[in-house]
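Student: Would you mind keeping the following structure in view while I ask a few things?
The values are calculated or read from the model by the stated rules, or taken from the named source; none is laboratory data. All figures in this text were calculated on a predicted structure; none of them were measured in a lab. Every residue, glycine among them, receives a Cβ derived from its backbone with ideal geometry; neighbour counts consider all protein chains shown. These accessible areas exclude ligands, DNA and RNA; they are computed on the full protein's heavy atoms, side chains included. Shrake-Rupley method; radii C 1.70, N 1.55, O 1.52, S 1.80 Å.
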Amino acid sequence: MSDINLKKVGAAAEKRALPAAVWPLVALAVILIIDVIISPSFFSIRVVEGRLYGSLVDILYRGTPPALIAMGMAIVIGSRGIDLSVGSVVAMSGAVMAALIHGDLSPVIIVFGTLGMGLICGLWNGTLVAVLGIQPIIATLILMVSGRGIALMINGGRIPTFRSEFFEFVSTGSIWVIPTRLFLVAFVLLVLWLLLRKTAFGLFVESVGSNTQAARLSGIGTRVVTLSAYGIVGMCAALAGMVITGDTRSSDAVYAGVDSELDAILAVVLGGGSLNGGRIYLGTTLIGVLIIQALTTSILMSGLPPEYNKLVKAIVILVVLLLQAPKFRTAVTALFRTGKGKAKS
Amino acid sequence: MNQANEPRISMRGITKVFPGVRALEDVSFTLAPGEIHALMGENGAGKSTLVKVLTGVYQPDAGTIELDGQPVEFASPVEAQAAGINTVYQEVNLVPTLSVAENLMIQRQASFRGLINWRRTRELARKALQRLNLDIDVGRSLGSYSLAIQQMVAIARALDRETKVLVLDEPTASLDAKEVEALFTVLRDIKKQGIAIVFITHFLDQVYAISDRVTVLRNGRFVGTGPIAEVPRMKLVTMMLGRQVSGQTSDHPPVDSIKTDGAPLFEAKDVGRSRYLNPIDFTLRTGEVVGLAGLLGSGRTETSKLVFGAVKADSGQIRLDGKPVTLRSPAHAIRCGLGFCPEDRKHEGLILDLTVRENIILALQSKRGWLHRVGEAEQNRLASEMIAALGIATPDAEKRVGQLSGGNQQKVILARWLVSEPRMLILDEPTRGIDIGAHAEIVALIRKLCREGLALLVASSELEEIVAFSHRVLVMRDRSKVKEIVGDDITQSAIVEAIANS
């Protein structure tokens, strides 16, 4: 039976021949259009103190940490995994960063130390999944729970604050008029894209995610591939931690990156990624991040009380997901078609 | 067969069009009560589509269906079932973790005020199985029984409803000879009750063993129908293929091509794994095909997997080019020049989400490592070369491999290994679930590869095939090699004898 469904879905997809990016883009456009209706000055962008300001810029700016995490998440989900610990990794790497800044080390060492923390966390998760064969959701849940405790320990139970020109520049500074952190996202996107599409790594991750056993029998080192995927998402979360911690100039073990795993997973799914693994869509995942961020910004702007934030977000995301679901689309088009057919005859 | 009987099913002028494909065009099919009617044709001939139209999965674009003389239209499988048309699919769609009784009585448990009466349910289940002369513990989970029993349970479930027509889609694909015989006994019994059976298979022997009539489809069109006694084998094959079969598949490879001298490429000595495969010895030379024959569970697949390193051997020694190696993993085996087409294409072979092109270059890519990506131009060239060389029927290399038919999927896996340029290729059941046309092509391909100097180890449950391409045959039984037959001594009867007596 599943064969038939596959064929139907395949046939339908081919007939439409729309690129996968269309639905998320449509959703984003709709949200932005509604924003303009609510607030006509929504699209206005101005330069204040040598930096761009405006609602659109704000969406991009605030979307940076989730974007960094979501790109890594897209890879892990492509390998049929998931990483629930990214929020805790944000906190831990932020704590490491604050500690190193207090140690008066050079920024290069601090960057490597912070990324190293993320990498270690990722490899820990990857080892549980790839070597010990623990289900990803449970394996990463362990670090999700314990990670904030570790971050608290690194912080010594306080919320250490710091001043660092370099990290303030990375997080809140700007190059020419454009916020530095946007360059960071572009850079990570470029690196990951090169890794996925200009080496065979992407093919290997997608093979492992789609059919691990077949991938192994084709000679792919499935463990190393899975391990690498978790290592990458760990480093992505550490980068997000750097941006968040640099922004607040303090390492908050309890609140840094809270709920970021949920936003990242949602962004991947909005971007067309399947939790059953198989394909990695970096571009549409970023669109997914923008949808979520635009929603948050719009709700705040519209004057709705903040308690509506999560509810409205959930409803909009449900609608987008329905639009993407082949079953739902076929049902809706069938409805329209029978309507038209009756009208004609 | 009483032809004067009113037909139970009469399908006329059935046409079904899918985007880009005419799956059925003006096909007619009649089914009399109490007959076993074989439905035959190559992959893509339209057998499955016709059955799905009959069982309400698809609605025809044109044509009529009559059941007992009354025109019917089925909007869904549920409606077809209500009318008495039941289907047992190739892949048994039961729940292996539930008990036999639960599987049988799903949605129909005997209940008392909304609570399930388990004793009564089990009793009903037992009764349902008794119709098939099957006496098993219905409380045990279905998955703990063999595939044959699972198949019987599926049939019992279909029959337990009011059944006029029973459709069996490749019911024997995963059964061994004894199990097939048991199934046939049941089918003959059901037939006596006046139920009409549609039997889809690609085993010619079975068609002749059990069918009353046969209908052949080709490329979505009706080719012919007739009592099986009046359709000789050659005619049936010709109807299906639409061309004379060139070269009998029972031909031997020429005797002079048998290699007895020269250093072996691959030597296995006492290679085994406890509770998996008893130690086995064999050698394989360049340009030689060694067949692995035996019944289901005799150790054919186990041998293939140990040799490839997919399962680690815990005893014995393997030599490649005379040098001892320990194959740690498939990746290692591939770097040593081996390739392996597994029996279970869907689960161990194909990456269904990926395209034909990506599937084809996968083994070559993993041989080169992730840093040395096979360039786009090279990927496209390799894919289109293989699509042309093996005759893979796909509109283009970017189609998802899951959308191809079984035979073409098999060719994609073969292509994957051919582009990785192995020196030795292990094929486990390369023709399983493939129609007869693709079957002959793959046998021809095996011979060609062998002439080009590849060493091949081919496991197969089809003796004809083994005889057709092997220079040597290892006969397996109970996870051991029981006999090695060489050259002219390789005949079907010699292999059967070895399986039965040694």
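Student: Pick out, from A:Leu227, A:Gly87, A:Pro107, the residue whose Cα sits farthest towards the positive end of the charge dipole of chain A, with +1 on the Cβ of Lys and Arg and -1 on the Cβ of Asp and Glu.
Tutor: Checking the options against the dipole of chain A, the answer is A:Leu227.
Student: Can you bin chain A into rounded, prolate or oblate? Criterion: square roots of the alpha carbon gyration tensor eigenvalues sorted a ≥ b ≥ c, rounded for a/c under 1.5, prolate for a/b above b/c, oblate for the rest.
Tutor: oblate
Student: Another one. Which angle from 0 to 90°, rounded to the nearest 10, does the C-alpha axis of helix B:376-390 make with the longest principal axis of chain B?
Tutor: Tilt relative to chain B: about 70 degrees.
Student: How long are the semi-axes of the equivalent ellipsoid of segment A:73-131, taking √(5λ) for every eigenvalue λ of the Cα gyration tensor, in whole Å from largest down?
Tutor: Largest first, segment A:73-131 gives 26, 10, 9 Å.
Student: Identify which of A:Ala200, A:Ala334, A:Ala99 has the largest mean-square fluctuation in a Gaussian network model of chain A, with springs joining Cα atoms closer than 10 Å.
Tutor: Taking springs between Cα atoms under 10 Å, the residue moving most is A:Ala334.
Student: Summing Lys, Arg as +1 and Asp, Glu as -1, what charge do residues with Cβ under 11 Å from the Cβ of B:Tyr276 carry, B:Tyr276 excluded?
Tutor: With Lys, Arg at +1 and Asp, Glu at -1, the net is +3.
Student: Further, regarding this structure: Among A:Ala325, A:Leu275, A:Ala314, flag the residue with its Cα farthest along the positive direction of the charge dipole of segment A:226-345, charges on Cβ as +1 for Lys/Arg and -1 for Asp/Glu.
Tutor: A:Ala325
Student: Quick check: convex hull of the Cα atoms in segment B:339-404, volume per residue, rounded to a whole Å³?
Tutor: 97
Student: Magnitude of the Cβ-charge dipole of the protein assembly as shown, K/R +1 and D/E -1, about the Cα centre, nearest 20 debye?
Tutor: Here the size comes out at about 1060 debye.
Student: Under a 5 Å amide H to amide H cut-off, with H placed in plane at 1.01 Å, what residues pair with B:Val198 once short-range neighbours are removed?
Tutor: Under 5 Å from the amide H of B:Val198: B:His37, B:Leu166, B:Val167, B:Leu168.
Student: Can you spot the aspartates and glutamates whose alpha carbon is less than 16 Å from B:Lys269's alpha carbon? Ignore those fewer than 8 places along the same chain.
Tutor: B:Asp281, B:Glu302, B:Asp314, B:Asp321, B:Glu484
Student: Right, here's the next one. Give me the angle, in degrees from 0 to 90, between the Cα long axis of helix B:406-419 and the longest principal axis of the Cα atoms of chain B, rounded to the nearest 10.
Tutor: 10
Student: While we're on this one: Hey, could you get me the Stokes-Einstein D for segment A:231-278, Kirkwood radius over alpha-carbon pairs, 20 °C and 1.002 mPa s, rounded to whole µm² s⁻¹?
Tutor: In µm²/s, the coefficient is 176.
Student: Next question, about the same structure. When chain A is modelled as a GNM with alpha-carbon springs shorter than 10 Å, which of A:Glu165, A:Glu307, A:Glu261 fluctuates the most?
Tutor: Per the Cα network of chain A with a 10 Å cutoff, A:Glu307 tops the list.
Student: So, with a 1.4 angstrom probe, what is the percent of accessible area on chain A that is carbon and sulfur?
Tutor: Summing carbon and sulfur atoms, their accessible area is 71 percent of the total for chain A.
Student: Of B:Lys367/B:Lys481; B:Lys178/B:Lys312; A:Lys327/B:Lys52; B:Lys191/B:Lys346, which sit over 26 Å apart, Cα to Cα?
Tutor: As for pairs spanning more than 26 Å Cα to Cα, those are B:Lys367/B:Lys481; B:Lys178/B:Lys312; B:Lys191/B:Lys346.
Student: Cut-off under 15 Å on the C-alpha distance; same-chain residues fewer than 8 positions from B:Lys399 excluded. Which aspartates and glutamates are left, in chain and number order?
Tutor: Cross-link targets: A:Glu14, B:Asp353, B:Glu358.
Student: Excluding same-chain residues fewer than 8 positions from B:Lys127, which aspartates and glutamates have a Cα within less than 19 Å of its Cα?
Tutor: Filter leaves B:Glu102, B:Asp135, B:Asp137, B:Asp160, B:Glu162, B:Asp189.
Student: Still on this model: Quote the FRET efficiency, to the nearest 0.05, computed for B:Arg381 versus A:Phe183 with a Förster distance R0 of 51 Å and r equal to the Cβ-Cβ distance.
Tutor: That gives a FRET efficiency of 0.85.
Student: Where Rh is the Kirkwood radius over the Cα pairs of segment A:52-197, the temperature 10 °C and the viscosity 1.306 mPa s, what D in µm²/s does Stokes-Einstein return?
Tutor: Translational D for this selection: 95 µm²/s.
Student: At a probe size of 1.4 Å, how large is the accessible area of B:Asp61, to the nearest 10 Å²?
Tutor: So the heavy atoms of B:Asp61 present about 90 Å² to solvent.
Student: I would also like to ask the following. Obtain the radius of gyration and the Kirkwood radius of chain B from its C-alpha atoms and give Rg over Rh.
Tutor: 0.99
Student: Also: Regarding segment A:114-183, what's the average projected area of the Cα-atom convex hull, expressed in nm²?
Tutor: About 6.5 nm², averaged over all directions.
Student: A further question follows. Ratio of the protein assembly as shown's C-alpha Rg to 2.2 N^0.38 Å, to two decimals?
Tutor: Normalised Rg, Cα atoms only: 1.10.
Student: Could you tell me the relative contact order of chain B? Use alpha-carbon pairs under 8 Å, at least six residues apart, and round to a whole percent.
Tutor: Computed over chain B, the figure is 15 percent.
Student: Could you pull out every whole DSSP H run in chain A that spans at least 30 Å of Cα extent along its own axis and averages 1.0 or higher on the Kyte-Doolittle scale?
Tutor: A:222-248
Student: What is the local net charge at A:Leu141, summed over the other residues whose Cβ is closer than 12 Å to its Cβ (Lys, Arg +1; Asp, Glu -1)?
Tutor: Residues near A:Leu141 contribute -2 overall.
Student: Enter the angle in degrees (range 0 to 90, nearest 10) between the Cα long axis of helix B:356-368 and the first principal axis of the Cα atoms of chain B, meaning the one along which they spread out most.
Tutor: Approximately 30 degrees, to the nearest ten.
Student: Identify, among B:Phe199, B:Thr185, B:Ala158, the residue whose Cα sits farthest towards the positive end of the charge dipole of segment B:106-213, taking +1 on the Cβ of Lys and Arg and -1 on the Cβ of Asp and Glu, with the dipole about the Cα centre.
Tutor: The residue sitting farthest along the positive end of the dipole is B:Ala158.
Student: Could I ask something else about it? Once you've got the GNM for chain A with C-alpha springs shorter than 10 Å, pick whichever of A:Ala98, A:Ala74, A:Ala21 has the biggest mean-square fluctuation.
Tutor: A:Ala21
Student: At 7 Å along Cα-to-Cβ for each site, give me the label-to-label distance between A:Phe43 and A:Phe336 in nm.
Tutor: The answer from the label model is 2.5 nm.
Student: Quote the FRET efficiency, to the nearest 0.05, computed for B:Ser141 versus B:Asp68 with a Förster distance R0 of 56 Å and r equal to the Cβ-Cβ distance.
Tutor: 0.90
Student: Please report, in debye to the nearest 20, how large the charge dipole of segment B:280-402 is about its Cα centre when each Lys and Arg carries +1 at its beta carbon and each Asp and Glu carries -1 there.
Tutor: Charge dipole, segment B:280-402, about its Cα centre: 300 debye, nearest 20.
Student: Further, regarding this structure: Summarise the partner chain shielding of B:363-370 as one whole number: the mean count of Cβ atoms from other chains within 10 Å of each residue's Cβ.
Tutor: Average neighbour count from other chains, rounded to a whole number: 6.
Student: Moving on to the next point. Report the charge-dipole magnitude of segment B:342-455 in Debye, nearest 20, computed about the Cα centre from +1 at each Lys and Arg Cβ and -1 at each Asp and Glu Cβ.
Tutor: 220
Student: Now for a separate question. Using the Cβ atoms and a cut-off under 15 Å, what net charge is assigned to the surroundings of B:Ile228, where Lys and Arg are +1 and Asp and Glu are -1?
Tutor: +1
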